[in-house]
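Trainee: Quick one: this structure, given as C-alpha cells, is what I'll be asking you about.
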Amino acid sequence: MLYRKLVSLTAAVLIVASALVSTQANESQKRSQSQVREPLNIAILIQDDLVSQVSNELGVTRDFIRSLPGGSRVMVGYITSGSLQVRQPFTTDLEKAAKSLRMPLASSAGSAFNPYVEVLEALKTFDPEWNNPNAILLVSDGLDVSRGFDSTAAGYTLDLDRTITEAGRRHVSVFSFYAPSVGLTSHSRLAASYGQSSLNRLAEKTGGKAFFQGTSGFVTFDSYFARLRQALNQQYGAS
C-alpha cells in the first residue's frame, strides 16, 4: 500500500516537473520570437503629417527600440515639410533613442509631398564601416505627389527609383509601416493604394518588407512590430 502511494506521488511530481519545464520552454520560445536577436543599425523615419492616431503608437515604437540587442545603433528622424529632421543621430544608447520620439504634427503643415527624397538623405548617414546589418523602418503613407497625382504615383516615380538604387549601393533594407496622412490617403482609397504600392516596391527591391492592412482606417502597430521582428530574424539568419 505504501509502495503504491510512493509510486503515485513520484509520478505526480514528475508530471508537475514536466509541465513546468514545458511551460518554461514555451515562454522562452515566445520571448525569443518577440525579440530581434541580432544587433543592427536601424533608422526609424516617421512622416510628420500622418493622422493623429499614429501618436498612440509611440509606446510600442519605444518598446521596440528598447528591446533591440546590445550593440544596435538607432537613428530617429521625421520627414517634415520637404526636409529630414533628425531628432537623434545614430546612437547605441537605446533609451536615448526611444526618448527622442515625439508625436507627429498630424497637420498638412508637415506634409512631405515626397517621402523618398528624405529617405535618400537618411541613407547617407549609414557608415559603410559598420558591421551590423543596415535597415530603415519607414512609417509613411508612401505617396509621392511632388509631380502631381496620377497613375505614375503607383510605384514608379523617379525619386523612388533613386532611393532603391541608393539603398542597394549602401546595403540597406527598407521596411515600412503604412499609415494614412491627413491629406489624400486619409480619404482616397486610390491614393492609399498608390502609396502602398510604392512602399511595397521599395521594400521588395531592397530586401525589406512592407506592412499594411487595407486601404481605409488605421491599424495599430502591435501586429506590425511582431511581424517586423520575425522578418528581421529571418532576414539576418539568427538562430
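Any read-out appearing in this document is the output of simple, stated calculations on the displayed coordinates, not a laboratory observation. All values reported here derive from a predicted model rather than from experimental measurement.
Trainee: Which residues' amide hydrogens lie under 5 Å from the amide hydrogen of residue 176, considering only partners 5 or more residues apart or on another chain, with H built in the peptide plane?
Mentor: Answer set, sorted by chain and number: 138, 209, 210, 211.
Trainee: Along segment 72-83, what does the Karplus equation 6.51 cos²θ - 1.76 cosθ + 1.60 (θ = phi - 60°) give for ³J(HN,Hα), rounded to whole Hz, x for Gly and Pro?
Mentor: 6, 10, 10, 10, 10, x, 10, 8, 9, 6, x, 8
Trainee: What number results when the radius of gyration of segment 130-212, computed over Cα atoms, is divided by 2.2 N^0.38 Å?
Mentor: Working: Rg = 12.7 Å, N = 83, 2.2 N^0.38 = 11.8 Å.
Ratio of Rg to 2.2 N^0.38 Å for segment 130-212: 1.08.
Trainee: Taking the Cα atoms of segment 67-116 alone, what are Rg (to one decimal) and Dmax (as a whole number) in Å?
Mentor: 12.7, 37
Trainee: Give a residue-ordered list of calculated ³J(HN,Hα) values for segment 126-141 (Karplus: 6.51 cos²θ - 1.76 cosθ + 1.60, θ = phi - 60°; whole Hz; x for Gly, Pro).
Mentor: 7, 8, x, 8, 5, 8, 5, x, 10, 8, 10, 10, 9, 9, 7, 8
Trainee: Can you give me the P(r) profile for segment 40-235? Cα pairs, bins 5 angstrom wide beginning at 0, each as a whole percent.
Mentor: 1, 8, 18, 23, 23, 16, 7, 2, 0
Trainee: What are the semi-axes of the equivalent ellipsoid of segment 68-167, taken as the square roots of 5 times the eigenvalues of the Cα gyration tensor, listed largest first and rounded to whole Å? Before the final figure, lay out each step's value.
Mentor: Numbers: eigenvalues 138, 61, 18 Å².
Semi-axes (√(5λ), whole Å): 26, 18, 10.
Trainee: Quick query: amide H of residue 87 versus all other amide H atoms, modeled in the peptide plane; which residues come in under 5 Å with a sequence gap of 5 or more or a different chain?
Mentor: 76, 77, 78
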